[in-house]
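First comes the structure, then the notes that go with it.
The values are calculated or read from the model by the stated rules, or taken from the named source; none is laboratory data. In this text the structure is predicted, and so the values were computed from the model without any measurement. Note: ideal-geometry Cβ built from the backbone for every residue, glycine included; neighbour counts use all protein chains shown.
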Ligand SMILES: [Zn+2]
Ligand SMILES: [Zn+2]
């Protein structure tokens, strides 16, 4: 194939309202600063779903941003990796802007360009469809596009892990799990004996619940509309569960949560739903100097309002990307906690056995039946 391209199978999104279609594409050879990874597994994240369903990208595109796999080829300038290394892929960052320089790379000036543009940083596409002379399919989603048999990543978003670890399980660590746990450990720095409320018990919210338990929070209050999700939250460490549908209105939910928290209000609140009304409830559950973390931003143009008097007593409403995680440092910590039995994120995972099952995985996640679908791309590795 021209220019050392390789043939790959990719689950291509052709339009917001069409299913994924497994398609043969040509993938460019790694650029000097790129790593080619043979994908073993990828999980599906709500960001993949929203990006496609709300047309927040250009089509056709290869999505997927929670990949794991094995290093297959290295660009000439790549250092610190060898062919055969086992890796987890995460979000990308530039490494030299003001936020990257203070170890807050999730707020990188280039966050949008590197993770959502659908191209290499220089604007090139990496995937070519059969019969086309030039690369004509968008990719480079989070500088990986893991819904494919191979991906191109950067040193900055590639995390080497021990070869004894199960790559088919680790995929969610690269985004969803580190976002929830990172918000507790890195952003909020949840203290022992505190009260925290988590709205929304998907992968991110349940990862926050598990982390709050590790942080020895006294009251860990999980809120959802789905009773089975609340059961899972209690299994993972929630001390209280709140079924939103049991209450007449938002004010009643807030009143109930404040009554549970031992000091009359929570010190920390996390909203994972992306709904302005729920974010407001989260904020209202916090007392003086309480911090509310907004993890899901809703859609472009969405706004939230809080009462100015309510903000006055030192309260903070804070947007959070990727749980303020420096993935290279943080993911190994999560793996360590998991190996100690303190962070059982594997309980969130339901496995799917082929690249053709991404639509099934998305539908099961959307319906609430599955918390975190992991799609096995390389069945030979996983068996
Ligand atoms: Zn940066
Ligand atoms: Zn994600």
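Listed by position, the strands (runs of 3 or more DSSP E) contained in the stretch 1-90 that have at least 2 residues being in contact with a helix residue (DSSP H, G or I) (Cβ under 9 Å, 6 or more places away or on another chain) and within 26 Å of residue 179 (Cα to Cα) are 6-13, 34-43, 67-74, 86-89. Here 109, 162, 133 are screened, and the one residue that is out of contact with any strand residue (DSSP E or B) (no Cβ under 8 Å at 6 or more places or on another chain), in the same structural domain as residue 22 (by TED's automatic domain parsing) and more than 23 Å from residue 295 (Cα to Cα) is 133. None of 279, 275, 236, 230 is in contact with a helix residue (DSSP H, G or I) (Cβ under 7 Å, 6 or more places away or on another chain) and at pLDDT 95 or above except 236.
Checked against (1) out of contact with any strand residue (DSSP E or B) (no Cβ under 9 Å at 6 or more places or on another chain); (2) away from ligand 2 (no atom under 16 Å from the Cβ); (3) not assigned by TED's automatic domain parsing to the domain that holds residue 219, residue 192 passes all but a single condition, namely (3). Of the strands (runs of 3 or more DSSP E) lying entirely inside the stretch 150-220, those containing at least 3 residues that are closer than 19 Å to residue 230 by Cβ span 195-199. Residue count for the stretch 239-253 satisfying the condition of being touching a helix residue (DSSP H, G or I) at 6+ places or on another chain (Cβ under 7 Å) and either in contact (Cβ under 8 Å) with a residue 60 or more places away in the chain or part of a helix (DSSP H, G or I) (or both): 3.
The lone criterion from (1) modelled with pLDDT of 95 or more; (2) outside any loop (DSSP other than H, G, I, E, B); (3) over 21 Å from residue 194 (Cα atoms) left unmet by residue 317 is number (3).
Restricting to the stretch 21-37, name every residue that is within 25 Å of residue 348 (Cβ to Cβ) and surrounded by fewer than 22 Cβ atoms within 10 Å (Cβ to Cβ). Scanning the stretch 21-37 gives no hits.
Can you name the residue in the stretch 51-87 that is under 20 Å from the mean Cα position of the chain (by Cα) and farther than 23 Å from residue 353 by Cα and is also surrounded by the fewest Cβ atoms within 10 Å (Cβ to Cβ) among such residues? Only one residue tops the list, namely 54.
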